[in-house]
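Remarks on the structure that follows.
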Amino acid sequence: MNTVHTPIFDLSFVAAADLSAAQHKFVKLATGGKVDVAGAGDPCVGILQDKPLSGKAGAVRILGTSKLSCDGASAIAVGDPLKSNASGIGIKAATDKDKAGAIALEAVAAGTAVIAVLLCRYDIAV
C-alpha cells in the first residue's frame, strides 16, 4: 500500500539520550520536557521523525500519519491498534488498558517492518 504521509502536526523536542537509532519509533516525554524512546506500557507522545543526538532537537509527529517501526511477531492487520514495546517499536495492542499510540494503515504478517500508521492515543478496553 502506498500511503501518503500527512504531517498535520510535528513538535520539536530535545532528545534526552542519543536517539540516532530511534527514527520512526514511539517516544515519551522525559524529565525536563525532553523525549526518550517509549518503553512497554508507556503513554507515547508521538513518533520520532529524525535521528537526534543527546541534547539536540528532534521532530516528533504528534498528529497525522507517520511511518512506524513495527514487530509482527503477533501479526498486525490494517486497523489494528499499536502500542510500544520495551524498545519503542510498534506491536499489536490487544490487552485491556493497553496504551495505543497509533492505528496500522498497513499490515505486517511476520518479522519487522516500517509501516504507515495514523497517530491517535487511547486506552484499549476489552
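Each reported figure results from applying straightforward, stated rules to the coordinates on display, with no laboratory input. The shown structure was predicted, so the numbers you read here are calculated from the model rather than taken from an experiment. For neighbour counting, all protein chains shown are included, and Cβ atoms are generated from backbone atoms with ideal geometry for every residue, glycine included.
A dipole drawn for the chain from +1 and -1 charges on Cβ atoms has a positive end, and of Ser69, Val126, Ala94 the residue lying farthest that way is Ser69. On the basis of the beta-carbon distance and an R0 of 30 Å, Lys56 and Ala86 show a calculated FRET efficiency of 0.80.
Highest mobility in the GNM of the chain, judged by mean-square fluctuation with C-alpha springs under 10 Å and restricted to Ala38, Ala100, Ala109, is found for Ala109.
When log10 I(q)/I(0) by the Debye sum over Cα atoms at q = 0.14, 0.21 Å⁻¹ is computed from the coordinates, the matching label among [x] -0.63, -1.34; [y] -0.51, -1.14; [z] -0.72, -1.13 is [y]. Placing a label point 7 Å from the Cα of Leu11 along the Cα-to-Cβ direction, the residues of the stretch 108-126 whose backbone N falls under 17 Å of that point are 119-122. Per Stokes-Einstein, at 20 °C and 1.002 mPa s, what whole-number D in µm² s⁻¹ belongs to the stretch 66-123, with the Kirkwood radius over Cα pairs as the hydrodynamic radius? Rounded to a whole number, D works out at 200 µm²/s. Here the chain is treated with +1 on each Lys and Arg Cβ and -1 on each Asp and Glu Cβ, and its dipole about the Cα centre works out to around 200 debye.
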